[in-house]
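Step one of this worksheet: look at the structure below.
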Protein chains: 2
Amino acid sequence: MQYHAEVTIELKSGMLDPEGTTIKRALGHLGYQTESVATAKKYMIELDAESAGSAKQMVDEMCQKLIANPIIHNYTIELGESK
Amino acid sequence: MQYHAEVTIELKSGMLDPEGTTIKRALGHLGYQTESVATAKKYMIELDAESAGSAKQMVDEMCQKLIANPIIHNYTIELGESK
């Protein structure tokens, strides 16, 4: 079965987000006032696995070993069957 | 009223995604076979607006003027009231 995983990597609270800060400032220069702008990264992964459980576990291991940095990132995984 | 917008910026189909390609290869070296890996960027924006409609329009303008590059990006906006 083929699965589609959406991994969202966010900075842990308290981590500086210079890209978000810069975009907030640039939006202000364009006349758009915002309370805050924060950035995150998203990875869409298509993979084959025997079950949703094993797909989720594989993606979780991918995050821990490569995609996320556990010191500074929180990550969430949304899994579905591929269309 | 304060609103929370989640903007997702994806590459248009056909655009090269070298970061996704590199991660797919690196995952392969770690023993994780994937069909595809694609990347996207997410922006979480808190803003004040008079209505959900005007908040959505403001965020749409922000995307067109600053956050997205319409030549290479598709973007989607999810809007909700801030907690």
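Per-structure values
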{"quantity": "Net charge contributed by nearby residues that have their C-beta within less than 14 Å of residue B:39 (K/R +1, D/E -1)", "calculated": "+2"}
{"quantity": "Cα shape, chain B, gyration tensor, a/c 1.5 rule", "calculated": "prolate"}
{"quantity": "Nearest 10 degrees, 0 to 90: helix A:52-62 Cα axis against chain A principal axis", "calculated": "50 degrees"}
{"quantity": "Residue-level accessible surface for residue B:4, protein heavy atoms, 1.4 Å, Å²", "calculated": "50 Å²"}
{"quantity": "Label point 7 Å beyond Cα along the C-beta direction, distances from residue B:15 to other copies (nm, shortest first)", "calculated": "2.3"}
{"quantity": "Selection from A:69, A:28, A:51 lying farthest towards where the dipole of segment A:2-81 points positive, charges on Cβ", "calculated": "A:28"}
{"quantity": "Of all DSSP beta bridges in chain A, antiparallel share, percent nearest 5", "calculated": "100 percent"}
{"quantity": "Within segment B:5-57, trypsin sites (Lys or Arg not before Pro) in DSSP loop having at most 14 other beta-carbon neighbours inside 10 Å", "calculated": "B:12"}
{"quantity": "In segment B:2-81, lysine pairs closer than 18 Å at Cα, eight or more apart or cross-chain", "calculated": "8"}
{"quantity": "Calculated FRET efficiency for the pair residue A:1/residue A:25, C-beta based, R₀ 45 Å, to 0.05", "calculated": "0.45"}
{"quantity": "Loop-located GluC sites (Glu not before Pro) in segment A:8-83, at most 13 other Cβ atoms within 10 Å (DSSP)", "calculated": "A:35, A:50"}
{"quantity": "Rounded, prolate or oblate (a/c below 1.5 giving rounded, otherwise prolate when a/b exceeds b/c) for the protein assembly as shown by Cα gyration tensor", "calculated": "prolate"}
{"quantity": "Label-zone membership for segment A:35-58, site residue A:16, 7 angstrom Cα→C-beta point, backbone N under 18 Å", "calculated": "A:37-40"}
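The values are calculated or read from the model by the stated rules, or taken from the named source; none is laboratory data. What you see is a predicted model, and the numbers here were worked out from it, not measured in a lab. All Cβ positions, even for glycine, are placed from backbone atoms using ideal geometry, and neighbour counts span all protein chains on display. Areas reflect the complete protein model, heavy atoms only, side chains present, ligands, DNA and RNA absent. Shrake-Rupley method; radii C 1.70, N 1.55, O 1.52, S 1.80 Å.
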